[in-house]
1. How many of the residues making up the range 33-56 are exposed (fewer than 15 other Cβ atoms within 10 Å of the Cβ), free of Cβ contacts under 8 Å to residues at least 60 places away in the same chain and of a type in the set (A, V, I, L, M)?
2. Suppose we filter the range 5-55 for residues that are of a type in the set (Gly, Ala, Ser), outside any helix (DSSP H, G or I) and over 19 Å from the mean Cα position of the chain (by Cα); how many remain?
3. Going through the range 110-125 one residue at a time, which ones are assigned to a helix (DSSP H, G or I) and modelled with pLDDT under 95?
4. Output the number of residues of the range 143-198 satisfying the condition of being part of a helix (DSSP H, G or I) and under 19 Å from Gln103 (Cα atoms).
5. Go through the range 87-100 and report how many residues are hydrophobic (A, V, I, L, M, F, W, C), in contact (Cβ under 8 Å) with a residue 40 or more places away in the chain and surrounded by fewer than 21 Cβ atoms within 10 Å (Cβ to Cβ).
6. Output the number of the condition that Gly147 fails; it satisfies all remaining conditions of (1) in contact (Cβ under 8 Å) with a residue 24 or more places away in the chain; (2) closer than 23 Å to Ala203 by Cβ; (3) crowded, with 18+ Cβ neighbours inside 10 Å.
7. Is there a residue being more than 22 Å from Leu26 (Cα to Cα) and crowded, with 23+ Cβ neighbours inside 10 Å anywhere in the range 179-193?
8. Pull out all pairs, ordered by first then second residue, where Cβ-Cβ is under 8 Å, the residues are six or more apart or on different chains, the first lies in the range 121-140 and is touching a residue at least 24 places away in the same chain (Cβ under 8 Å) and hydrophobic (A, V, I, L, M, F, W, C), and the second is outside any helix (DSSP H, G or I) and surrounded by fewer than 19 Cβ atoms within 10 Å (Cβ to Cβ).
Amino acid sequence: MNLNRTGRVGALCWLAAAPIFLVASLISGLRWREPTYSWATHNISDLGNAHCGVWDTTRPRYVCSPWHPLMNTAMLATAVLLAVGLLLTWRILGRGGVVRSAQTLLLLATGGYALAAVYPADVDENLHVLGAFLIMGMGNVGLLLAGFAPHSTTLGRWRPLTLTAGLIALAGTVLFFAQQGVGIGVGGMERLAVLPFPLWACALGVLLAEPPPLRDLALSAST
């Protein structure tokens with residue numbers, strides 16, 4: 001797609017968000033000792049907890065994340081990049097009630113990432129839970145809604161990708177809150193609820209930033 005400079009910056013922001021989040025998760029988890037960090041057992045939030053100790057009455061587990069500042073900084077960066085990407089591609093993705101509603105809900109989800117980063121679960125649980133609700137509630141509904149964008153819009157061109165991401169995210173959310181691991185653990189299920197949005201944004205960033213076909217370039221040059 002032939003983007004203007006603003007749109008290209010937005011696409012690049014989307015491209016960067018998911019890798020930053022995933023790399024920080026991996027590095028922060030590798031710093032854990034006794035216990036080692038498990039993506040199946042532990043929550044994402046455990047990586048950002050500021051203190052060591054037994055955490056969570058539902059699934060009690062010992063949490064101690066030496067590099068929690070890295071994880072929280074990366075999560076905040078993810079929030080900023082996703083939000084900026086949304087705002088800079090706001091008009092490019094299309095018009096209409098479905099597109100605007102989806103964009104608004106996804107923008108609320110970026111605020112959830114920021115809340116979860118600034119307020120770790122063991123610092124202010126209420127605000128952290130609010131952040132999680134914005135991500136897994138508002139954001140995942142918005143992601144699914146984006147899958148119903150009209151085919152005539154830019155967003156509607158990638159309906160199968162968006163619907164798949166939205167359905168996975170909502171299924172992961174329901175099973176996570178039901179504390180059902182279904183073979184990947186409750187921590188793994190949380191990742192199915194949280195990661196589809198940034199991964200979808202990353203994929204969309206690639207598609208948006210893709211240069212136009214050579215045939216289109218030739219036609220543009222000849223006119």
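The values are calculated or read from the model by the stated rules, or taken from the named source; none is laboratory data. Computed from a predicted model, the values in this text were never measured in an experiment. Virtual Cβ from ideal backbone geometry, glycine too; neighbours counted across all protein chains shown.
1. 1
2. To start, the set of residues in the range 5-55 that are of a type in the set (Gly, Ala, Ser) comprises 7, 10-11, 16-18, 24-25, 28-29, 38, 40, 45, 48, 50, 53.
Filter once more, so that each one left must be outside any helix (DSSP H, G or I): 38, 40, 50, 53.
Then keep just the ones that are over 19 Å from the mean Cα position of the chain (by Cα); that gives 38, 50, 53.
Of the residues in that region, 3 qualify.
3. If we filter the range 110-125 for residues that are assigned to a helix (DSSP H, G or I), which is where we start, we get 110-118, 125.
Listed by number, the list holds a single entry, Glu125.
4. Looking only at the range 143-198, we keep the residues that are part of a helix (DSSP H, G or I), and these are 143-146, 155-177, 185-194, 196-198.
Of the ones still in play, those that are also under 19 Å from Gln103 (Cα atoms) are 143-146, 155-170, 193-194, 196-198.
Residues flagged as part of a helix (DSSP H, G or I) and under 19 Å from Gln103 (Cα atoms) within the range 143-198 amount to 25.
5. The number of residues fulfilling the criteria is 3.
6. Failing condition for Gly147: (1).
7. From the range 179-193, those more than 22 Å from Leu26 (Cα to Cα) are 179-180, 182; that's our starting set.
Adding the requirement that they be crowded, with 23+ Cβ neighbours inside 10 Å leaves none.
No.
8. Val123/Ala50
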